[in-house]
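Written below as C-alpha cells is the structure these notes are about.
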Amino acid sequence: MRRVPIVMRPLGGMGNRMFQYMFSHVLARRIPGGYVCNAHLPEWSIARLRPPLLWRYRALRVEGYHRYDLDAIAAAFSEKRARSILFKGFAQRLGYYDRAEVSRFFDGRAVEAPTYGDEFLVIHVRAGDILDGSHRNYCPMPFAFYDTLIRDSGRKPVFVGQVHDDNDYCRRLRQRFPDAAFAPKASPLTDFETLRRASHLVASVGSFSWLACWLSSARTIHMPVAGIFDPAIRPDVDLLPPGDARYRFHQLDIGDWTASAEQLAAFYGDAIAFRQVELRQIAQ
C-alpha cells in the first residue's frame, strides 16, 4: 500500500495546533496509507516527522477554517487524483472527533500540576493576547459573570491562566476578587493539566480552554456562549457538546469584541447581560 503523507501546517498557539493535529489524524484514518507529518507540538513531546522529499507532487490542499467535506477528500484518493495532503486550517467542530481517542493523543498524566477538588471553582482566564480587541471573536469575560458563578456555586474561586500579566484587566480582577486564589504562573501545559484535573470549571473563550475542559474529569463545566462559541456569530465553529451532562451554557450579550473604552466600561461596570440557557435554546 502506498503511504500518503498528511502534512500539517502548524498555525497559532497550543490549542489551535492540538486541533490541527487531531484533524490531521481524522484525515489519516479516512485515507488508506495516511500518516501525519510536520506536527509541531513540543509541549506534548510529539515528534515532528518530516514529510518525504517529493510530497508536494499531486498534493491536495485542504485549506480554510473549520468546515471540510471528508467524503470529497477521501474520493480524491480513491480516484487517484491526489497522492498527499497539505492541511492548513483549524477544524474546530465536534463532529470530527472522538473524545477517548483525543485523550490518548494528549496523555498528560506525567505532568506535574495541582489538583483542585470539589470545594473549588477553577476559572480559566484568557486576557493578555486578546485585550487589544485584535480578534473580534475572542473576548475576555465580564467580572459580574464570575461573581454570579462563584456565588451560586458556593465554592472557592481559583483563577488560572493569563492572570499574572501587568494590565488593567488583571489588576482589576485581583481587586474585584481579593479572597480568591490565583494559581502560580506556569507553562501552558501545566495550566492545561490544572484545568483538566479540576472538579468544577469555568471555560474561557478559546480552543485551549475548550480542549482542557472537554478532556477533563470535571463534574461541572460552565461554558460561555460568546465569540467563537456562539453559533449565531460563528456558525462554522461547532463546540457546544450535546448530551454532555457536565456542561452549563451561559449566553453572554457581548457581540463583537472591540476593546473600546465603552465596552471595557461595560465589562467592569457589570453592564453585560448574561443568562444560563439550554442547548436547544441556543440552536433556535
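Rule-based calculations on the coordinates, nothing more; no lab input. Just so it is clear, the structure is predicted and the values come from calculations on it, not from any experiment. Here the Cβ is made from the backbone with ideal geometry for all residues, glycine too, and neighbour counts use every protein chain on show.
Sparsely packed loop sites in the stretch 180-222 (the trypsin sites (Lys or Arg not before Pro) outside DSSP H, G, I, E and B with at most 10 other Cβ atoms within 10 Å) do not occur.
Show that you can apply the helix-only estimate: for the chain, add -39,500 (n - 2.57) for every DSSP H stretch of four or more residues, divide by all residues, and state [θ] at 222 nm to the nearest 500.
Helices in the chain give a 222 nm mean residue ellipticity of -8500 deg cm²/dmol.
How would the stretch 183-229 be classified by its alpha-carbon gyration tensor: rounded, prolate or oblate, with rounded meaning a/c under 1.5 and the a/b versus b/c comparison settling the rest? Since a/c reaches 1.5 but b/c is at least a/b, the shape of the stretch 183-229 is classed as oblate.
I need the trypsin sites (Lys or Arg not before Pro) found in the stretch 107-162, filtered to DSSP loop residues with at most 13 other beta carbons within 10 Å of theirs. All intermediate terms of the calculation are to be shown ahead of the outcome.
On the way: sites: Arg109, Arg126, Arg136, Arg151, Arg155; in loops: Arg109, Arg126, Arg136, Arg155.
Those satisfying the criteria are Arg109.
In plain terms, the chain from Arg104 to Met1 could stretch by 34.5 nm, reckoned as 0.36 nm per residue minus the Cα-Cα distance. For the chain, with a Gaussian network of springs between Cα atoms less than 10 Å apart, report the residue from Pro42, Pro241, Pro157 with the top mean-square fluctuation. Answer for the Gaussian network model of the chain: Pro42.
Between Lys156 and Glu262, the distance separating the two model label sites (each 7 Å from Cα on the Cα→Cβ line) works out to 4.2 nm. For the chain, the residue among Gly95, Ile73, Phe274 whose Cα projects farthest onto the positive side of the dipole built from Cβ charges is Ile73. Approximating the spin labels as points 7 Å out from Cα along Cα→Cβ, the Asp270-to-Ser78 distance works out to 5.9 nm. Near Cys213, once Lys and Arg are set to +1 and Asp and Glu to -1 for all other residues with Cβ below 13 Å from its Cβ, the sum equals +4.
Rounded if a/c is under 1.5, else prolate if a/b beats b/c, else oblate: with a ≥ b ≥ c from the C-alpha gyration tensor eigenvalues square-rooted, which is the chain? Please report the intermediate quantities before stating the final value.
Working: a/c = 2.07, a/b = 1.81, b/c = 1.15.
Note, shape of the chain comes out prolate.
Decide, for the stretch 120-283, between rounded, prolate and oblate: order the square roots of the alpha carbon gyration tensor eigenvalues as a ≥ b ≥ c, take rounded if a/c falls under 1.5, and otherwise choose prolate if a/b is larger than b/c, else oblate. In terms of gyration-tensor shape, rounded.
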